[in-house]
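Just so you know, all these numbers are worked out from the coordinates, no wet-lab data involved. As the structure is a prediction and not an experimental result, all values here were calculated from the model. With ideal geometry, Cβ positions are generated from the backbone for all residues, glycine too; neighbour counts draw on all protein chains shown.
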Amino acid sequence: MRSGLCFFCVTLVVLGFIEVCTGARLKLNFYRKTCPQFEKIVKNITWSRVASEPRIGAKLLRVHYHDCFVRGCDASFLLDSNATSIAEKEARPNLSVLGYGVIDDIKSRLEEVCPEIVSCGRLRCSFLSRAHTIGVSHCGVLGRRLFNFTGKGDTDPSIEPTYAEFLRTKCSNPTPATTIEMDPQGSLSFDSHYYRSLNF
């Protein structure tokens, strides 16, 4: 009973994180044609981890809560810190959230078995801007990605060129108060315009 509940929780969390990227609804056997082993991989890794850590289901539900109910279910909790950005999971209020290891194991195995089908790896670079479809950001946050991505005065290639030019124009002389709409076609509505502006 306990392992079945944990499998359900992990499947819900993993599918929720992956499906939010495509806007698809959560449904059983979604990947049956493109990655038929998907659910078996999730189940096997989850059961293996539950055998050694029975509380993993509760930990994964907490990850899901902190990402989806607090900040908008964008899978940003799965991103790791890099040289220019500290990940949400390393922020002080989130240090007690655990369970990332099982999600990382599942993601790694899925990317290995079904590359480019169930791949969060492709999304990581593009989503590191911490940008979302609603709201604004400050030019200073994007400065390096727009004007000196590799230290040679270039722009991050994961940003669609027309959108990158728009951002460079808006942020050409930034002040701390200079803001930009993350979705110039509708920063006050939840839609997919911002995500279409990213190169995948």
Listed here are the pairs LYS27/LYS89; LYS43/LYS89; LYS33/LYS107; LYS59/LYS89; which of them are more than 21 Å apart at the Cα? LYS27/LYS89; LYS43/LYS89
So which lysines can LYS170 reach, going by Cα to Cα under 23 Å and dropping same-chain residues fewer than 8 places off? LYS152
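Could the peptides 54-65, 160-171 be put in order, highest first, of the mean number of other beta-carbon atoms found within 10 Å of their residues? Provide the component values of the computation, followed by the final result.
Numbers: 54-65: 17.9, 160-171: 15.7.
Taking the mean over residues of other Cβ atoms within 10 Å, the ranking is 54-65, 160-171.
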